[in-house]
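For reference, the structure is listed below as structure tokens.
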Ligand SMILES: Nc1ncnc2c1ncn2[C@@H]1O[C@H](COP(=O)(O)OP(=O)(O)O)[C@@H](O)[C@H]1O
Ligand SMILES: [Mg+2]
């Protein structure tokens, strides 16, 4: 392949992070268990909530990738009945692609 | 109680976020499955990894809270055999305390 | 091939080879090996793959019988249960991985043994787990117990194979070195029995399943020069299991076996790609050539050593029937698995691997599979001999024998395991007729047939510690008796030999004696050995004393039996008031002192692990088993329970607690009261019957000794010793409170 | 009655569902693979079985709910066809929007396998006609994520419409209002965490699940009971 497409390819790989958390109104037994475990160990913390962090790489042109990411985050990666979701997108360092 | 201590109290509640991810060399069956599923849904993503996001509130003086958070994150909230961990700390808005 | 480093022999140890073994290798191939070859040989000659310390002892085992369809040597043994059905079964340990990371260690233990089963062409349909932990009160033990239970649940529940039984014991010798032994059973039609062979020359070798990562690497300590640039930190200390992937692999494998398109099947277990392909080649008596570049990898930059020895989970080798490769691929496609042709079977006798166009390994298949064998000198430990011969007759009999009963029921080894087995799906597949906790063995029905399959796993490590020969034989006897107590004819065993370092003469002695004990018991009870697993070097250094502590020798026995009619069976709960209770087998305690030897009572109440293990009479055992089966099959009883840890009193209490029906019995004799109640003589079964006359006639006819104990009924367990003017009576509710609490607490 | 049992990768009660369906309802019950885009002609009941579809990864039932066959299942439900989702099948139904709410982790965070008692809240559905109202039945559960949740409004609506048809006598998992099983507004889609298909043979300890299948058998000829 010619060098140009390769360059374009590299420039358009994005690293996305999707943060999925339980809605504040929903009880989080896992968080409560962690809180209790911490307190048994003499470490006080409150309001412990356990959510998910989903990391992924997306390829394409920024605007289009943003749309896709939003779609995935809202329609697949989280369940609106119980969860809130946010995401971040940044250009990925080239080497990250190979490791995928 | 006098207003001063209350003020101090508010100033020393921190919102912490702990990000727990599988070490890169460790197989992430969940990420693998999600990646496949996304691709069946016509949404291409690569390098999908699923980790945890733990949110908690800590009270105290910043330096001391930082030390405690590090201790929790490394020794309780993550499993060093398989996971990497990072954390963020910021002063919490007052109302967050009540929600704890 | 790169020129070998001059110091390869000096660092033979890093490949798991002694210098002597290294020389043997050089002699065998007529040249110096390269590092990869040395590592491959080290892996193949390890205890796990090559059984170099244990195999010489195995010749003692009986391995044949009309019921044996497949004896030792394949991925699992197979017994015939009639009607064209066979049961494949095997047990394997995952002790060390579970000590490092209990959840994944136990999970991958389940995954590994299931692959052995479906590699035989059998659909896995039951799992049992035999677990040993240290001090129940220590945080480390709680961490391990919770992790191991979660790991088994995580894998077994998700893949959808019921976990139907097992055992859990607690003893300080396992403090740093827990034992996680998992047994799996699978069902197959005789014609679907698959073999781990390469078949014939020209056959293709096909890799299926997960990609290969830098996992495991045989646990060996390699010099960094032999690995890729990935630093030590990048190499996972833990293998992660994926039950979902395994489920796909299971269905895919059974599909291709049932379709008759594969000539050979084998899972990749210890020593991964190498051991699986090497063993398959050996069974076929042929050589192979494989291209390591084709092995699918999870990470970039992997080198041959990693590709060969990785222990990444959920991978299989399939050898298609020549000409039916496309059919096989089409069937596998449905399951969306990686399927890659990585090599072929050759007419030569070499194990040949290429990478980047070069031959990187070229070794004789036979040499790899024929590990040197060591027979060592075993010497009994003085300390253990002294403990065994300790005179116990001077020990006081506690005044309050009722509270001893509560104390024993509350010992985590005896206490209810409900908090554990409730976390396991024990009913998926809708075959589980006798669920955990209901009887001495699990019973599964076989759909489309009237037959039932029963399974149990047993070992009393305290017995084995004090007397390895009798203790190991007793484990076989207990397993057979447990099967009889549900109405199953014992068929065959698999064993899992968990021992310390065999280089230590006192450990080798235990191994030797235990193997002989198992062999003799299996012969006497007509339950041949169809396979097994060896886990040695189970030991740790006590931080405070600096002493090396070996675990109690633990030859876990997994046994399978058949019920001709699954509707005709027994469980341990008393079914009604007014039935007569009998004790079959060994008479109540006779001789003082010895009859409390090696008991849980002695350990729990007197803090002593000492005394003689009660004598085991295998001929009597066989008669007790026959008697129990006769009573169940002629419908004289549907209630039977064997006496194990905690003796007769604990067995009776368990029968009462299970149903809410109490009992009143009286134990004749003038032997020590604690021995009558809590002594752990073997070969004893309690049954409840209505027709006493027919029962006694049956037992007499079979020459089974028995004692009439008393009656079921009431809401307490009342045991009197009339000749000694002793009576204890405890309400079932009180017994249950003691029995139910401990594991609930440990499991948080 | 023609029964189709849907198989997703990772389903593990599919065989049990088929076995129970053949025993009680339809000797010719069939499996349907998740990539199929249609149901067999004449399907009356779609059975979404338990298990760990896609390893329960992401969220239980989430990936299966988005597989091709689910479009056909939705169309079937819209036509008034019967759908029964058990355990993971219930999770698939909530994830696909065929039933409201969600199933989250049991409050004690552990998988739990044991027989539980359920109260049959109404006999006025296609799935419960053969029971008596208020009847207590024993059915096994086996799940780690059976904790039923929906917002207050939804729960009130479910209760108001009589859509809660099975309730735990002794709540094992933290479900709101002890909810063990709910039907869709029209009453033709049932999701429940307990496993009725494990309770259709005395040999396995309970036959209390038979009533559910017998109810369905009863309604079919009548072609009613879809509201
Ligand atoms: N780890 C386990 N997993 C599943 N079931 C278990 C486990 N441990 C014990 N059980 C079950 O609990 C019951 C009681 O076990 P145990 O006390 O060892 O009985 P016994 O001494 O009669 O063999 C049996 O049904 C056994 O299969
Ligand atoms: Mg026991």
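Nothing in this text is a laboratory measurement; each read-out follows from the coordinates by a stated rule. Quick caveat, the model's predicted, so the values are computed rather than measured. Quick reminder, even Gly has a Cβ in these numbers, built from the backbone with ideal geometry, and neighbours come from all protein chains shown.
Do any strands (runs of 3 or more DSSP E) entirely within the stretch C:28-136 hold 1 or more residues that are closer than 22 Å to residue C:168 by Cβ, and if so, which?
C:85-93, C:123-133
Restricting to the stretch B:25-53, count the residues that are facing chain A (nearest Cβ under 7 Å) and under 20 Å from the mean Cα position of the chain (by Cα).
Selection size over the stretch B:25-53: 6.
Filter the stretch D:155-176 down to residues that are touching a helix residue (DSSP H, G or I) at 6+ places or on another chain (Cβ under 6 Å) and within 14 Å of chain A (Cβ to nearest Cβ) and give me whichever is nearest to residue D:44 (Cα to Cα).
Among those residues, the one meeting the criterion is D:155.
Residues of the stretch C:49-67 being within 26 Å of residue C:123 (Cα to Cα) and surrounded by fewer than 20 Cβ atoms within 10 Å (Cβ to Cβ), which ones?
C:63, C:64, C:65, C:66 - these are the residues of the stretch C:49-67 that are within 26 Å of residue C:123 (Cα to Cα) and surrounded by fewer than 20 Cβ atoms within 10 Å (Cβ to Cβ).
Identify, by number, the condition in (1) in contact with a strand residue (DSSP E or B) (Cβ under 8 Å, 6 or more places away or on another chain); (2) more than 16 Å from ligand 2 (Cβ to nearest atom) that residue C:702 doesn't meet.
The failed condition is (1).
Determine the pairs where a residue that is farther than 14 Å from residue C:682 by Cα, located within the stretch C:443-464, has a partner that is within 13 Å of ligand 1 (Cβ to nearest atom) and assigned to a loop (DSSP other than H, G, I, E, B) with Cβ atoms under 7 Å apart, the partner being 6 or more residues away or on another chain.
Note: pairs meeting the criteria are C:454/C:441; C:455/C:441; C:456/C:440; C:456/C:441.
Could you list, in sequence order, the residues of the stretch C:435-453 that are within 16 Å of ligand 2 (Cβ to nearest atom) and crowded, with 24+ Cβ neighbours inside 10 Å?
Of everything in the stretch C:435-453, those that are within 16 Å of ligand 2 (Cβ to nearest atom) and crowded, with 24+ Cβ neighbours inside 10 Å turn out to be C:439, C:440, C:441, C:442.
Considering the stretch D:78-99 alone, what residues qualify as being surrounded by fewer than 20 Cβ atoms within 10 Å (Cβ to Cβ) and facing another protein chain (nearest Cβ under 10 Å)?
Answer for the stretch D:78-99, where residues must be surrounded by fewer than 20 Cβ atoms within 10 Å (Cβ to Cβ) and facing another protein chain (nearest Cβ under 10 Å): just D:97.
Tell me which residues, restricted to the stretch C:464-480, are under 14 Å from residue C:680 (Cα atoms) and within 17 Å of the chain's Cα centre (by Cα).
C:464, C:471, C:474, C:475, C:477, C:478
Would you confirm, using the coordinates I've provided, whether residue C:410 is crowded, with 24+ Cβ neighbours inside 10 Å and in contact (Cβ under 8 Å) with a residue 24 or more places away in the chain?
Answer is no for this residue.
Can you tell me how many residues in the stretch C:75-117 are under 23 Å from residue C:216 (Cβ atoms) and either free of Cβ contacts under 8 Å to residues at least 40 places away in the same chain or surrounded by 20 or more Cβ atoms within 10 Å (Cβ to Cβ) (or both)?
Residues in the stretch C:75-117 being under 23 Å from residue C:216 (Cβ atoms) and either free of Cβ contacts under 8 Å to residues at least 40 places away in the same chain or surrounded by 20 or more Cβ atoms within 10 Å (Cβ to Cβ) (or both): 28 in total.
Given the options C:168, C:161, C:180, name the one that is assigned to a strand (DSSP E or B), crowded, with 24+ Cβ neighbours inside 10 Å and within 16 Å of ligand 1 (Cβ to nearest atom).
Criteria check complete, one pass: C:180.
Name the residue, out of C:365, C:339, that is closer than 14 Å to residue C:284 by Cβ and touching a residue at least 12 places away in the same chain (Cβ under 8 Å).
Only one candidate passes the filter, namely C:365.
If you take just the helices (runs of 4 or more DSSP H) that sit entirely in the stretch C:372-444, which of them hold at least 2 residues that are in contact with a strand residue (DSSP E or B) (Cβ under 7 Å, 6 or more places away or on another chain), more than 14 Å from every other protein chain (Cβ to nearest Cβ) and more than 14 Å from ligand 1 (Cβ to nearest atom)?
Qualifying helices (runs of 4 or more DSSP H): C:401-409.
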